[in-house]
Amino acid sequence: MAEKGGRPKKYKEAEIMQQKINKYFEECNKNNEPYTVTGLCLALDICRDTLLEYSKDEKFSDTIKKAKLKVENYLERHLITDSSTTGIIFNLKNNFGWTDKQQLEHSGNINNPFEGLSTEELRQLINNAK
């Protein structure tokens, strides 16, 4: 990612960032705290927008994707084990692109027996059916 002026990047090497990420997850485990994207940003001393910008940089992309995947996995596991999942679902939808959706597939043709009839012809059919 080419720097466009402004403030220099906080991290020059992915290895340094990875060390801080590892420390964040270790601290969470030690203190029995949940993994969160916000917590990850605080541990890295950057805001969410900056994390997103780093994730676009080829040098940092894999490091950040793996860290976010670890947060996502933590949340996904808790969907199965926790009785109150509303907040977890909200987090997954807003931070990891999860959605509620149904996909309907249709095959075959739809035949409209009234296709091509004029309004007058349709009215006449309705009146005849009465």
Return yes or no: is residue 45 under 17 Å from the mean Cα position of the chain (by Cα), surrounded by fewer than 13 Cβ atoms within 10 Å (Cβ to Cβ) and modelled with pLDDT of 95 or more? no
Apart from one, (1) more than 28 Å from residue 8 (Cβ to Cβ); (2) modelled with pLDDT under 85 all hold for residue 33; the odd one out is (2)
Considering residues that are modelled with pLDDT under 85 and touching a Phe, Trp or Tyr at 6+ places or on another chain (Cβ under 9 Å), the number found within region 53-88 is 0
Filtering region 68-126 for residues that are of a type in the set (Phe, Trp, Tyr), surrounded by 10 or more Cβ atoms within 10 Å (Cβ to Cβ) and part of a loop (DSSP other than H, G, I, E, B) leaves a count of 1
Just one listed residue, out of 64, 21, 16, 80, is among the hydrophobic types (A, V, I, L, M, F, W, C) and under 16 Å from the mean Cα position of the chain (by Cα), and it is 64
Contact list, first residue from region 20-40 and surrounded by fewer than 17 Cβ atoms within 10 Å (Cβ to Cβ), second anywhere and assigned to a loop (DSSP other than H, G, I, E, B) and of a type outside the set (Val, Ile, Thr), beta-carbon distance below 8 Å, six or more apart or interchain, is 27/33; 39/33
**Q.** Some residue of region 55-65 being closer than 18 Å to residue 18 by Cβ, surrounded by 12 or more Cβ atoms within 10 Å (Cβ to Cβ) and in contact with a Cys (Cβ under 7 Å, 6 or more places away or on another chain)
**A.** no
Is it the case, given these coordinates, that residue 64 is in a loop (DSSP other than H, G, I, E, B) and closer than 23 Å to residue 92 by Cα?
no
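The values are calculated or read from the model by the stated rules, or taken from the named source; none is laboratory data. Predicted model only: the values in this text are computed from it and were never measured. When we count neighbours, we look across all protein chains shown, and the Cβ atoms used for this are built from the backbone with ideal geometry, even at glycine.
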